[in-house]
Each structure stands twice: as C-alpha cells, then as structure tokens.
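A short worksheet on the structure shown next.
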C-alpha cells in the first residue's frame, strides 16, 4: 500500500460506522444453486504460504517499480496463470499491459511575479518542469464548480494561470453554499479536492494552477525537501497533463499575487503576470500490469474486477530488501488463489455468469499509477460494463492498535457508492465466513485517508462500486521486517475466502449491485 497519496492529488493523509445489521428482505439474488464452499475450500493456508515465500523472497528484490525484481514478479504471476490455464485479458494474448511511466527529476529554477523572483523550494513548490513567459493570472476564488455554483462563471482561463485557495464558500448564516447546510462538502476534503481542483482547471483550458493551502503547505514542503535530500524524482504516467503546471504556494507568494486573498472570494482577472522557469529531466520507466480473466457464461460483457498491487518499495539505501510480504504480497497471492478457485468451478461446469478480471497493478506505491492507467487511459474492458471492484491490499497481518478478535478485516468503501453492495457483503460474510467486519477506517473523517490510498479509488472515482479489504498497518509497514514468516496464514486463508465468496455472489447474481450514491 502506498505510504503517501499522489503528489499532485494528495501528499496528505486525511466512524460513520456502516450498519452491520442487514434486513432479511435484502436476500441474495443469486440463482446459481451451486454452493461456492467446495471451491472456497481450495483456498488453503499451505498454498498461500508456498506462493508468498517465493513472491516475497529476497530474490524478488522488493519488487520496485521498473526494477529487475518487479520483472521477476510479473513473470511469476504470468507463469501461475499459464499453469492454471487462465487466459490473458488482452485480445492479443499478452498477459502484460504496458504502463508508460516516467520519472521527473526534481526541478530547479524560479518564478517571477511582476519581475519579483521567488526561488523554488521556498515560497513555491512544484515537482515537474514548467516554463512560461508573462502569462496572465486569473483568480478563481476557491476553484470550485458544483451544482448551482461555479467560481469559473464568466471567467476565461484559457492559456492562463489560475490562482485558487483551499476551502469553500459560505452563506451569511454560517451554512455552506454547496451543501446548503452546516455540513462541509467534498471540496473541504483536502485529500480529494486538490485533484478535483486541478482537473477542473485543466478542463477549463488553464495553463497551470497556483494552489494556496496554508494548513498543508508545510506537508508539501516536507515531501519536496525529502526528494531534494535523497536526489529522487517523482514517478507519474507519461504525458499525463505534462503541459499543465501545478504550483503549491505559501501565503507570502499568494499575497504578492493578490494582497486581499484572505478576504476576497470574488473571481476576477488580475493585472499581475507570471513567468515560470523550472527545468527538469525525465527518465522513462518500463513497467507492466498483469491481467487475466475468466469469461462469463451468461453475461460475458459484464465484468467484476478483483485487484491487488504487485509492486513494493524495493531496496533501502543501506542495502536492506523490503520484501513486502503483507504489502502487497498477501493480496497478490490471495488473488492467485481466488483465480484458481474460479477456474476449478469453471472446469466443473460452474463458471461465473459474469466475466471475472484478475488485475495485478504496478506502481501503486508510486501513486496508484497502474490502476490509474487501467481506468483512465486503457481499460481492457469498458468501465461502463464493470460492475464492481474488489481490491485486496494487506490482508496477512494484525493491526497492533486494534482491540478485539484477531479474526477480523477492515472494510473500506463498501457503502460509499452502493448500499446494496454493503448489504451483500454483510450477508455473504454472515453466511460463509463469520469474520468481524471492522469499519473504523471507513469513517469520512479518518485522518489516515485510506479510502484514497489504494487502487480501488481509481474505480470509485469512476462511480464503480468498490470494497477495499485491509488489515491495517503495523510496525513492519514499509520496512525490511515485512517478511513472509510474520504472516498469519490462518487469517490470510479466511480473508481470502471471504473475498472469493463475495466475488462469487457478485459474479453470479441476476443483477449488478445498484449505484445509489454516485460521486459528482
């Protein structure tokens, strides 16, 4: 699981405890009378352990994106699908989906506001090259566009820099304009709203954005200083808005552009212009997703995607290998075992009605890059025909901060888009698994912001219902101590079976779960 969010979309880590009592009127729609238990029981501790002791061994060198260890990882996954006789998802017969990634080295340079220079790393931060001369600046207030409200109304920002600030507008009575109540909207969610503001500015034709968030500028700067001190660059998808400049600024620079920015919420064209001179160099990285699938027997053009990430963080500067047994070796081997269970069912004539896609993504630790490429650039199967994503990221350990039964799993996101999915998940668990489903990290106000920090999020943002299965962090998270001998294989077995039974229900029920809480 990635330790920080996307640099442009996060660098931040942000219970509404979901109801665990399920109405018996919401019974399963599955008409396939075959019990999945006989196939679920083929998922065993022994096979999971055999896989993981190989996949999280020193030989795989921590599976760093684009490095030799990652190549060994994808070769291992491909070989397992070939042994199971589960075909690749791509029509050309290749299990590998090339993901175009590049490393942008930390830039150097300055920006000028009306001939006053500001050096990179002090009052302004950016993580990629940006060059422009005497470009007009438009103030767009909070940079928000929502139903019934737009900071861009009447503004032409084409080929201009946009200045926006964090927050959202309020009415005179203290309520928020977007919600019409005392409740804040998504625009006050620091983790999620940054990417929305950036994408909105891109869609409006802006050349770049100046983003003022006084509470979080120090977090951006810590990331910048870390990269500078380690001479490291930022991985991103190649040609992903590379002509758009995202600049994070402090209050000093913001007031040099607009002195009244604290109190002024009125969008306007400014007389100020800016010149940017940030130079960097890019290096292309060769990396791949691995995708296999089992074609549905009755609804082959509807797709259930089960995902895990195949990468980890590689070798530390002192030469220690970060094996990533839990993160996310546990999810990877669980996905292989789930695929095998579905294949045994198919071989017995009980294959899933819907197609089931087994998606192993790269670059999760670098910003959810593999899943972003699949959803945003090259979905092998249409997103509008993708009914659900079940994402597995760390399910082999126990959270030391948690109290209670060890036989638990954190569920995140099951009720975010579909009430029906949440109810189905609860029913399946009660019928087959009896694991304690813990919704602690499903809380909208959870400061860890786990909902935004694994690959399911790229499906959720496209209004595809998701469930994220997660055991929580531990002292070995992103450390060399995350080794296969510390995995609780009985729990890994139970949790993997739960995902399989949930997938079985989703793949075989008459109708896809209904999306009743679509994102905007």
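Hey, residue 117 hits all of (1) touching a strand residue (DSSP E or B) at 6+ places or on another chain (Cβ under 7 Å); (2) within 27 Å of residue 497 (Cα to Cα) but one; which does it fall short on?
Among (1) touching a strand residue (DSSP E or B) at 6+ places or on another chain (Cβ under 7 Å); (2) within 27 Å of residue 497 (Cα to Cα), residue 117 violates only (2).
Name the residue, out of 127, 166, that is modelled with pLDDT under 95, under 30 Å from the mean Cα position of the chain (by Cα) and either under 16 Å from residue 247 (Cβ atoms) or crowded, with 17+ Cβ neighbours inside 10 Å (or both).
127
Take the conditions over 27 Å from residue 39 (Cα atoms) and touching a helix residue (DSSP H, G or I) at 6+ places or on another chain (Cβ under 6 Å) and apply them to residue 458. Does it pass?
Yes; evaluated as a whole, the condition is true for this residue.
Just wondering, is there one or more residues in the stretch 418-433 that are over 17 Å from the mean Cα position of the chain (by Cα), surrounded by 19 or more Cβ atoms within 10 Å (Cβ to Cβ) and outside any helix (DSSP H, G or I)?
Yes; the residues of the stretch 418-433 include at least one that is over 17 Å from the mean Cα position of the chain (by Cα), surrounded by 19 or more Cβ atoms within 10 Å (Cβ to Cβ) and outside any helix (DSSP H, G or I).
Filter the stretch 368-400 for residues that are in a loop (DSSP other than H, G, I, E, B) and surrounded by 22 or more Cβ atoms within 10 Å (Cβ to Cβ) and give the result.
Passing the criteria: 368, 393, 394, 395, 396, 397.
Being within 29 Å of residue 445 (Cβ to Cβ), modelled with pLDDT under 95 and not assigned by TED's automatic domain parsing to the domain that holds residue 462 is true for just one of 178, 144. Which residue is that?
After ruling out the rest, the residue left standing is 178.
Report, by residue number, each residue of the stretch 435-455 that is assigned to a loop (DSSP other than H, G, I, E, B), in contact with a helix residue (DSSP H, G or I) (Cβ under 9 Å, 6 or more places away or on another chain) and either modelled with pLDDT of 95 or more or buried (at least 18 other Cβ atoms within 10 Å of the Cβ) (or both).
Passing the criteria: 435, 449, 453, 454, 455.
Residues that are under 19 Å from residue 130 (Cα atoms) and more than 26 Å from the chain's Cα centre (by Cα), at least 3 per element: which strands (runs of 3 or more DSSP E) completely within the stretch 206-282 meet that?
Hits in the stretch 206-282: 268-279.
How many residues are closer than 19 Å to residue 505 by Cβ and either in a loop (DSSP other than H, G, I, E, B) or out of contact with any strand residue (DSSP E or B) (no Cβ under 6 Å at 6 or more places or on another chain) (or both) when one looks only at the stretch 307-337?
Of the residues in that region, 1 qualify.
For the structure I just gave you, tell me whether residue 467 is touching a strand residue (DSSP E or B) at 6+ places or on another chain (Cβ under 6 Å) and crowded, with 17+ Cβ neighbours inside 10 Å.
So residue 467 fits the description; yes.
Regarding residue 359, is this residue buried (at least 24 other Cβ atoms within 10 Å of the Cβ), in a strand (DSSP E or B) and either on the phi > 0 side of the Ramachandran plot or touching a helix residue (DSSP H, G or I) at 6+ places or on another chain (Cβ under 9 Å) (or both)?
The answer is yes for residue 359.
Quick one: which of 322, 289, 318 is under 20 Å from residue 375 (Cα atoms) and assigned by TED's automatic domain parsing to the domain that holds residue 362?
289 is the lone residue from the list that is under 20 Å from residue 375 (Cα atoms) and assigned by TED's automatic domain parsing to the domain that holds residue 362.
Return only the number of the condition from (1) in the same structural domain as residue 457 (by TED's automatic domain parsing); (2) crowded, with 24+ Cβ neighbours inside 10 Å; (3) closer than 30 Å to residue 124 by Cα that residue 307 does not satisfy.
Failing condition for residue 307: (3).
The values are calculated or read from the model by the stated rules, or taken from the named source; none is laboratory data. This one's a predicted model, so the numbers in the text were calculated from it and none came from an experiment. As a convention, Cβ positions derive from the backbone with ideal geometry for all residues, glycine included, and neighbour counts pool all protein chains shown.
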